[in-house]
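The values are calculated or read from the model by the stated rules, or taken from the named source; none is laboratory data. Bear in mind the structure is a predicted one, so any value in this text is a computation, not a measurement. Positions of Cβ are generated from backbone atoms using ideal geometry, with glycine treated the same way; all protein chains shown enter the neighbour counts. Ligands, DNA and RNA are excluded from the accessible area calculation, which covers all protein heavy atoms including side chains. Shrake-Rupley method; radii C 1.70, N 1.55, O 1.52, S 1.80 Å.
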Amino acid sequence: IFVLGESSCDPNSPEELLPLDWNKRIIDCVFKGERDPTINKAVDVFYDVPPLFPEGHRSFWRTAAFANFVQHNLGDKNHRPTPSQWKAGQEPFEEYLIDLQPQFVLVLGKGVWDSLPARYQKGLPPITLDGNSKSQPCCLYPNDAGYAFVFAIDHPSYWQRKKRTVSYYRPWVRAAIEAAKQFHSNPRPIVTYCSWVRAAIEAAKQFHSNPL
């Protein structure tokens, strides 16, 4: 499992970019017994009964990964990422997929979802719960070991504004995980970007060996 957050701010730093170990620092806080509302809620959606803090949360993060999509230091928690900052997060996201090779990615925030790179993305049938609920999109990305199943929920900081709690999002995450399990148990034949690169190289070799 890979939890993809949105952004962070370090008001004490003048640097434009966050430190390279910033994501690790966030999760290290859990192991120090320090609570973070966003991180705690991100863990709770995976369980029918919220795990105890900090023991249960520590157990979760021992087998899961976390990173923010936006790499820039927003400076103030009230600031929103700029279009260029959103776009700059696309390449690191692809690198996370290669490095971590997750099977399931939970995206925190529709802003992140809308900013995911279009290249290599493969759409899937949306996740549904019942006839009264609007279906939610999901997709695949290659990760060099197969594919990462990607699903998004509202960022936890917006839950109160929408008058929703973790109990609203749990069924959605559960349904997405079940869909991911079904996919991974019987993956569809999808050409990965590696195959495209290999095909392009072979075409170039053929051309250069027999140019027009």
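For this structure, a couple of remarks:
- Residues in region 121-170 that are of a type in the set (G, A, S) and in a loop (DSSP other than H, G, I, E, B): G131, S133, S135, A145, G146.
- Each residue in region 30-48 was checked for being on the phi < 0 side of the Ramachandran plot, over 18 Å from the mean Cα position of the chain (by Cα) and open to solvent by less than 40 Å² (accessible area, probe 1.4 Å), and 1 pass.
- Evaluation of D10 against (1) without any contact (Cβ under 8 Å) to a residue 24 or more places away in the chain; (2) touching a Phe, Trp or Tyr at 6+ places or on another chain (Cβ under 9 Å); (3) of a type in the set (D, E, K, R); (4) not in a helix (DSSP H, G or I) (one fails), failing number: (1)
Residues are listed down the side, and each one gets a yes or a no for (1) within 22 Å of E95 (Cα to Cα); (2) open to solvent by less than 60 Å² (accessible area, probe 1.4 Å):
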| residue | (1), (2) |
| --- | --- |
| I1 | yes, no |
| N12 | no, no |
| L18 | yes, yes |
| W22 | yes, yes |
| R25 | yes, no |
| P50 | no, no |
| H57 | no, yes |
| A64 | yes, yes |
| N68 | yes, yes |
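- The set of residues in region 119-172 being of a type in the set (K, R) and within 19 Å of L108 (Cα to Cα) consists of K134, R161, K162, K163, R164, R170.
- Only listed residue being among the small types (G, A, S) and under 26 Å from V166 (Cβ atoms), chosen from G75, G89: G89
- Checked against (1) open to solvent by less than 40 Å² (accessible area, probe 1.4 Å); (2) of a type outside the set (A, V, I, L, M); (3) without any contact (Cβ under 8 Å) to a residue 24 or more places away in the chain, G123 passes all but condition (1).
Yes or no, residue by residue, for (1) in a loop (DSSP other than H, G, I, E, B); (2) not small (G, A, S):
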site: N40; (1), (2): no, yes
site: V43; (1), (2): no, yes
site: D48; (1), (2): yes, yes
site: P51; (1), (2): yes, yes
site: H57; (1), (2): no, yes
site: F60; (1), (2): no, yes
site: K77; (1), (2): yes, yes
site: P81; (1), (2): yes, yes
site: S84; (1), (2): no, no
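- Selection within region 88-120 - of a type in the set (A, V, I, L, M, F, W, C) and either in a loop (DSSP other than H, G, I, E, B) or under 14 Å from Q71 (Cα atoms) (or both): A88, F93, V112, L116, A118
- Number of the exception - N73 against (1) surrounded by fewer than 21 Cβ atoms within 10 Å (Cβ to Cβ); (2) at pLDDT below 95: (1)
- Test: K41 is basic (K, R), modelled with pLDDT of 95 or more and either within 18 Å of I177 (Cβ to Cβ) or touching a Pro at 6+ places or on another chain (Cβ under 6 Å) (or both): yes
- With respect to being farther than 19 Å from W22 by Cα, touching a residue at least 24 places away in the same chain (Cβ under 8 Å) and out of contact with any strand residue (DSSP E or B) (no Cβ under 7 Å at 6 or more places or on another chain), P92 falls outside the description.
- Checking D114, D144, D130 one by one, the residue that is at pLDDT below 95, open to solvent by 30 Å² or more (accessible area, probe 1.4 Å) and in contact with a helix residue (DSSP H, G or I) (Cβ under 9 Å, 6 or more places away or on another chain) is D144 and no other.
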